[in-house]
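> My questions will all concern the structure given below.
The values are calculated or read from the model by the stated rules, or taken from the named source; none is laboratory data. Just so it is clear, the model here is predicted, and its values are computed rather than measured. Here the Cβ positions follow ideal geometry from the backbone for every residue, glycine too, while neighbour counts run over all protein chains shown.
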Amino acid sequence: MARRKSLGDPQDRERFVARLRKVVQGFGSANSLAVAAGISEGALRKWMQGASEPTRDRLVAIARTAGINLTWLATGAGPKERSGMEDTPLLEGFVALEELSEARGTGPLSATEIAFSQAWVARHAAESAAELAGLPMPDDSMAPLLPEGAALVVDRGSATVSRDGVHVLRLDGVLTVRRLQRLPGGELEATPANPAYQSFRIQRDAPGVSVIGRVIWAGHDF
């Protein structure tokens, strides 16, 4: 019978597992983190259970993707967040998306700074990586599906609403998110997930209304 590989001091392993679980919880889910980091969800869950440990490159991928301090994740030393580390280059093979902004339209990713593997971006970008952007969920209109502040990735190449789905809209200069359904005559039915908000219909070419793109990924705290 094969012997189980030793993972070092049990208490040290338990502390690492606790830190890793905290990172996953803060990112939203094991699936979301695994996909964004370009790693196996099954492997990530084994690491979360303490059944095995990640290799160095995968540990770096997790830290970069989640925007946390690699040293803290690996050893528990130093701050958890990467504050003051903004000038640290991303790991090769990863990209940070720009952030949609009500004031500027687009700009440097800040409030929801998350790095994604280039392979993930290539699979999900309709045209190019430049079409993808990040956005913190601006309100609670899509709760509980998308809580306020959830990190969203928006495909701006899908602004034509070629199929029904959750989209980002700009209404009179303010960003919001709704599930859009195409109707005859060029109308769109905009439906919230939160029953406190009302559904409404819009024309694609209505003044003050524009579809920014379709939401293709979301991550949030539980």
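> What number of residues within the stretch 25-65 are in contact with a Ser or Thr (Cβ under 7 Å, 6 or more places away or on another chain) and either among the small types (G, A, S) or surrounded by 20 or more Cβ atoms within 10 Å (Cβ to Cβ) (or both)? Write out each step before concluding.
From the stretch 25-65, those in contact with a Ser or Thr (Cβ under 7 Å, 6 or more places away or on another chain) are 33-34, 36-38, 46; that's our starting set.
Filter once more, so that each one left must be either among the small types (G, A, S) or surrounded by 20 or more Cβ atoms within 10 Å (Cβ to Cβ) (or both): 33-34, 36-38.
Total meeting the criteria: 5.
> In the stretch 175-194, what residues are part of a loop (DSSP other than H, G, I, E, B) and modelled with pLDDT of 95 or more? Reasoning before the result, please.
From the stretch 175-194, those part of a loop (DSSP other than H, G, I, E, B) are 183, 192-194; that's our starting set.
If the condition is that a residue be part of a loop (DSSP other than H, G, I, E, B) and modelled with pLDDT of 95 or more, then P192, A193, N194 are the ones that fit.
> Something else: Based on this model, can you work out whether A77 counts as under 21 Å from L97 (Cα atoms) and touching a helix residue (DSSP H, G or I) at 6+ places or on another chain (Cβ under 9 Å)?
Numbers: under 21 Å from L97 (Cα atoms): no; touching a helix residue (DSSP H, G or I) at 6+ places or on another chain (Cβ under 9 Å): yes.
Criteria not met by A77.
> So, in the stretch 169-195, exactly how many residues are loosely packed, with under 14 Cβ neighbours inside 10 Å and either closer than 17 Å to V153 by Cα or in contact (Cβ under 8 Å) with a residue 24 or more places away in the chain (or both)?
Summing the residues that are loosely packed, with under 14 Cβ neighbours inside 10 Å and either closer than 17 Å to V153 by Cα or in contact (Cβ under 8 Å) with a residue 24 or more places away in the chain (or both) in the stretch 169-195 gives 3.
> Right, here's the next one. Just name the residue that is nearest to S32 (Cα to Cα) out of those in the stretch 67-79 that are in contact (Cβ under 8 Å) with a residue 24 or more places away in the chain and out of contact with any Gly (no Cβ under 7 Å at 6 or more places or on another chain).
Pass one, the stretch 67-79, residues in contact (Cβ under 8 Å) with a residue 24 or more places away in the chain: 67-68, 72-74, 76.
Applying the additional criterion that residues be out of contact with any Gly (no Cβ under 7 Å at 6 or more places or on another chain) yields 67-68, 73-74, 76.
Values: G67: 14, I68: 16, L73: 18, A74: 21, G76: 23 Å.
In this case the residue turns out to be G67.
Matching residues to (1) modelled with pLDDT of 85 or more; (2) within 22 Å of P136 (Cα to Cα); (3) assigned to a loop (DSSP other than H, G, I, E, B); (4) in contact with an Asp or Glu (Cβ under 7 Å, 6 or more places away or on another chain):
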{"position": "D12", "(1), (2), (3), (4)": "no, no, no, no"}
{"position": "R64", "(1), (2), (3), (4)": "no, yes, no, no"}
{"position": "T71", "(1), (2), (3), (4)": "no, no, no, no"}
{"position": "G78", "(1), (2), (3), (4)": "no, no, yes, no"}
{"position": "A103", "(1), (2), (3), (4)": "no, yes, yes, no"}
